[in-house]
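Everything on this sheet refers to the single structure shown next.
The values are calculated or read from the model by the stated rules, or taken from the named source; none is laboratory data. Source: prediction; values computed, not measured. Neighbour counts run over all protein chains shown; Cβ positions are idealised from the backbone, glycine included. The protein model used for the area step is the full one, side chains on, heavy atoms only, and it has no ligands, DNA or RNA in it. Shrake-Rupley method; radii C 1.70, N 1.55, O 1.52, S 1.80 Å.
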Amino acid sequence: MKNSIITTVMVIVLAITSFAKAQFVVTDPANLASGILNSANEIVQTSSTVSNVVKNFNEVKKVYEQGKEYYDKLKAVNNLVKDARKVQQTVLLVGDVSEMYVNNFGKMLNDPNFNAQELTAIANGYSTLLNESTELLKELKQIVTSTNLSLNDKERMEIIDRVYKEVKDYHNLVRYYTNKNISVSYLRAKKQNNAQRVLNLYGTVNQKYW
């Protein structure tokens, strides 16, 4: 195991100082994910009308857009050792989960096939999945930054590998959940001979999420 692995991983998770611009604010990905989750929970807790859902969702978008530069810069990092790359990929998967939520739930808010109660229920599902992904990211942060000598490098990397696999599972669940909700809208639109509107809103079967 490379002696520099823990230091390298800490750098990835806590900052991207090697190529950050002077005005770029160093971001903690666990706090960023928590911020998106907290804003998403507001939709579930306080939204009773479509207008309220939209208002609260705009706060989610604001938090995500503030952190998007972080994820974009992290994607550009290529010169990493193998184990450190696994941490990078885990963080990016959580970012992709947030992106799927923000992009697709935003479209669902403009979808007449969902009412306010259904949108709140959908938001609750996303919130649950976001929560699980965020907790795993917090666990990852704790492992790679811990000074606890009870874990050796091999044990740390085994935990990192497990967290990566679990986050990837939740990433796939969010994709599946998104597609199932879009499918509901598509079937409703098809009954009204208006399926093209749904395809125009979410994209074709060959595109990223649908």
Test: residue 28 is of a type in the set (D, E, K, R), open to solvent by less than 50 Å² (accessible area, probe 1.4 Å), farther than 18 Å from residue 104 by Cβ and at pLDDT 70 or above: yes
By residue number, the members of the stretch 170-206 that are open to solvent by less than 90 Å² (accessible area, probe 1.4 Å), in a helix (DSSP H, G or I) and free of Cβ contacts under 8 Å to residues at least 60 places away in the same chain are 172, 173, 177, 179, 183, 186, 195, 199
Looking at the stretch 80-102, is at least one residue polar (S, T, N, Q), free of Cβ contacts under 8 Å to residues at least 40 places away in the same chain and part of a helix (DSSP H, G or I)? no
Q. Within the stretch 111-119, is even one residue touching a Phe, Trp or Tyr at 6+ places or on another chain (Cβ under 9 Å) and open to solvent by 30 Å² or more (accessible area, probe 1.4 Å)?
A. no
Practice problem: Test residue 109 against the criterion of being hydrophobic (A, V, I, L, M, F, W, C) and modelled with pLDDT of 85 or more, and give yes or no. | Solution: yes
Per the filter on the stretch 77-92, residues surrounded by fewer than 21 Cβ atoms within 10 Å (Cβ to Cβ), among the hydrophobic types (A, V, I, L, M, F, W, C) and at pLDDT 85 or above are 92
Expected single match for at pLDDT below 90, of a type in the set (Gly, Ala, Ser) and touching a helix residue (DSSP H, G or I) at 6+ places or on another chain (Cβ under 8 Å) among 195, 189 is 195
